[in-house]
Amino acid sequence: MQKHDVLVVGAGLAGQRAALEAVRAGRSVGVLSKLHPLRSHSAAAQGGINASLGPQDSPKDHIFDTVKGSDYLADQDAVEILCNDAGPTVIEMEHFGTIFNRAPDGSLDRRAFGGASYNRTIFSADRTGLALLQGLYEELSREKRIHVFEEWTAIDIVARQGVVQGVVALDRKSGAIEGFSARAVVVATGPFGRMYPNTTNSHASTGDGTALAYRAGAFLKDMEMVQFHPTCLPGSWILITEGARGEGGILKNGKGERFMTRYAPNKLELASRDVVSRAIATEVKEGRGFPDGTCHLELMHLGKEKITTKLQEIVEFCRNFAGIDPVVEAIPVYPGQHYMMGGVSTNPRAETNITGLYAAGEAACVSVHGANRLGANSLLETLVYGKIAGANAATYAAKAPESGLTQADVDLATKKLHVIWDRKQGESPAKIRQDLQKVMKENVGIYRTPEELLTAQKKVAELKGRYANVYVQDKSTTYNVNLTDALELGYLLDLAECIVAAAILRTESRGAHVRLDFPKRDDANWLKHILVQASPAGPKLSFLPVTVTSYQPMERHY
């Protein structure tokens, strides 16, 4: 059995930053990842990272933009930490070796992003996530006291009497199942967008840590808040970064109209993501889109030099996946699922309701994004709250008693896994996942109706019933993708059930959650978070007040 003071599950930006902070606090640290760290989903982030480093900008302005963008559901104390730490975080990452674009005067270049009152998005062309990940991984690699376990799948987070004990995981290479005893555990496994077919998320984004924390008794929060990014390539659903609009790209409908003048006359294409996504969906729904059901993003007027230097990856994606050259042609776009505002509920110390269990990044919900995340705040959150999670986990682990993880815990997790592994026949995990994706796309999208949500609730319950009889054809022990797919499907089903339950309960429209039967925001009744906790009867829902410090809710205008 492995033993560590702090075990980090997930090796993207949040997980690596947590591990680095914990080891520098003197703790023994293990990092458990189902991927090589440089293959983490953090690498897919394109456009940039926000920090108020400009001469006229300030953290206070960044805080207000974030709270406004969240449709006032974000906890303002957590937002204050995020924005006040933004500048030092970017400078620290530069010292770690991240190479950012420079302005002509040598300062950090900044581009415009949606919902921001100033150009505060610092970037590395359109590969900012990868640049940050590479810089951080180099720094992590210098710490010989961190033990990284690559290609391991977590199958259980063990907690007893409200205290975390460790994790049980499957070694993909050998098929061995082993216990990881830890005084503190940090969940940093990223998003769970793979419950949708039209998602920008990587294939590994299946919410493993979020679902396991939920099963262990942790609260989830804001699960109904699912963000759709306005500009994705239909078919592949590859993201076309918001940076393309930040550099001056414009949206047009099938009539050649710059339609954002109707929806956001001041900010136009740089309104918040929920506003732009609804605008594109509405144009298409009302018959003003192109025949293929898209709107167009035009970059041609920016000129070849600007497009090929600041949007290199977008050029490659368009040419390789759509047969389009954005230097001379418009890009067909439509909203795709992109980000989960919800996740494991934490306070601003990254603590959950389970003692010794912490969470950070997209797997978590400290609620700095509320009902709608501003672009370029996600990379910032991974680093700011990853560091906080690592620091507080290390402080707790220094005083916590020895973990009580036992062989019996490993045996129990092994037994549950072998129920799937040893079954001779049953349901295909691939077929159930396809059916889940169809349900979520058709019923839990940009616009929601009570009929669709109730249909989704019924069908997800049916899929969970079918999952109880899931089996794998591959009985091998080495890199059994059939088995890990089945495990990941179970995580997605649990989280989809939570999303639907919370979406049914929230009878208002706020940010990314739009109920056609309740089209207005209702601050009198719904200025609160929905918490979800596992129970034998299914998701148990309760409420938590939104923390308001400086900004009272007001109507959003862009």
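Would you kindly state how much longer the chain becomes between Leu454 and Lys60 on full extension, computed as 0.36 nm times their sequence separation minus their alpha carbon distance, in nm to one decimal?
Working it through step by step, the gained length comes to 137.7 nm.
Could you estimate the translational diffusion coefficient of the chain from the Stokes-Einstein equation, with Rh from the Kirkwood formula over C-alpha pairs, at 37 °C and 0.692 mPa s, in whole µm²/s?
It diffuses with D of about 140 µm²/s by this estimate.
Ignoring everything except DSSP H segments at least 4 long, calculate the 222 nm mean residue ellipticity for the chain; use -39,500 (n - 2.57) per segment, divide by total residues, nearest 500.
-11500 deg cm²/dmol
With the convex hull built on the Cα atoms of the stretch 135-174, state its orientation-averaged projected area in nm².
The Cα convex hull of the stretch 135-174, projected and averaged over all directions, gives 4.3 nm².
Taking every pair of alpha-carbon atoms in the stretch 28-186, give the share separated by more than 21 Å as a whole percent.
Cα-Cα pairs in the stretch 28-186 separated by more than 21 Å: 59 percent.
At 1.4 Å probe size, with the rest of the protein present, what percent of the exposed accessible area of the stretch 340-461 is carbon and sulfur atoms?
54 percent
Just want the answer: with Cβ charges of +1 for Lys and Arg and -1 for Asp and Glu, which residue in Ser33, Val6, Pro104 is farthest toward the dipole's positive end in the stretch 1-125?
Ser33
Can you pull a Stokes-Einstein diffusion coefficient for the stretch 112-248 at 20 °C (1.002 mPa s), Rh from Kirkwood over Cα pairs, as a whole number of µm²/s?
Once the numbers are plugged in, D ends up at 117 µm²/s.
What number, in nm² with one decimal, is the all-direction average of the projected area of the convex hull of the alpha-carbon atoms of the stretch 244-289?
That works out to 2.9 nm², a quarter of the Cα hull's surface.
Could you give the angle, 0 to 90 degrees to the nearest 10, between helix 59-69's Cα long axis and the longest principal axis of the Cα atoms of the chain?
Approximately 90 degrees, to the nearest 10.
Going by average Cβ density within 10 Å per residue, which order do the peptides 274-283, 399-408, 413-422, 452-461 take, highest to lowest?
274-283, 452-461, 413-422, 399-408
Note the direction-averaged projected area, equal to a quarter of the hull surface, for the Cα convex hull of the stretch 394-445, in nm².
So the Cα hull casts an average projection of 7.4 nm².
Send over a whole-number figure in Å² for the accessible area per residue of the stretch 314-387, probe 1.4 Å.
Per-residue accessible area for the stretch 314-387 comes out at 23 Å².
If you count, for each residue, the other Cβ atoms within 10 Å and average over each peptide, how do 88-96, 140-148 line up from highest to lowest?
The peptides rank, most packed first, as 88-96, 140-148.
Across the stretch 417-508, what fraction of all alpha-carbon pairs, as a whole percent, falls in each successive 10 Å bin from zero upward?
Per 10 Å bin, starting at zero, the Cα-Cα P(r) for the stretch 417-508 comes out as 17, 45, 24, 12, 2 percent.
Projected onto the charge dipole of the chain (+1 at Lys/Arg Cβ, -1 at Asp/Glu Cβ, origin at the Cα centre), which of Thr309, Ser141, Gly490 gives the Cα projection farthest towards the positive end?
Gly490
Specify the angular offset, from 0 to 90 degrees and rounded to the nearest 10, of the alpha carbon long axis of helix 481-505 from the longest principal axis of the alpha carbons in the chain.
Roughly 60 degrees, rounded to the nearest 10.
Taking the 0 to 90 degree range and rounding to the nearest ten, how far is the long axis of helix 450-467 tilted relative to the main principal axis of the chain, both from C-alpha atoms?
30 degrees
Roughly how many nanometres apart are two label points built 7 Å out from the Cα toward the Cβ at Met300 and Glu143?
5.0 nm
Quick one: of Lys415/Lys458; Lys267/Lys387; Lys285/Lys520; Lys68/Lys144; Lys387/Lys475, which pairs are farther than 31 Å apart, Cα to Cα?
Flagged as over cut-off: Lys267/Lys387; Lys68/Lys144; Lys387/Lys475.
For Ala176 and His36 in the same chain, what is the full-extension length gain: residue separation times 0.36 nm, less their Cα-Cα distance, in nm?
Residue separation times 0.36 nm, minus the Cα-Cα distance, leaves 48.6 nm.
For Asp474 and Lys3, FRET efficiency with R0 = 45 Å and r from the beta-carbon atoms, rounded to 0.05?
My answer for the efficiency is 0.90.
As a test of understanding, state the convex hull volume per residue of the stretch 1-103 from its alpha carbons, in Å³.
Residue-normalised Cα hull volume stands at 154 Å³.
Rounded to the nearest 20 debye, what is the charge dipole size of the chain about its Cα centre when +1 sits on each Lys and Arg Cβ and -1 on each Asp and Glu Cβ?
540 debye
If I compute solvent accessible area with a 1.4 Å probe over the protein chains, what percent of it on the stretch 1-143 is carbon and sulfur?
48 percent
Whole number in Å², please: accessible area per residue of the stretch 42-177, 1.4 Å probe, ligands, DNA and RNA not counted.
37 Å²
Please compute the length gained on full extension between Lys438 and Gln425, using 0.36 nm multiplied by the number of residues separating them and subtracting their Cα-Cα distance.
Length gained, Lys438 through Gln425: 2.3 nm.
The values are calculated or read from the model by the stated rules, or taken from the named source; none is laboratory data. What you see is a predicted model, and the numbers here were worked out from it, not measured in a lab. Every residue, glycine as well, gets a Cβ built from its backbone with ideal geometry; the counts of neighbours run over all protein chains shown. Heads up: the accessible areas ignore ligands, DNA and RNA and are worked out on the full protein's heavy atoms, side chains in. Shrake-Rupley method; radii C 1.70, N 1.55, O 1.52, S 1.80 Å.
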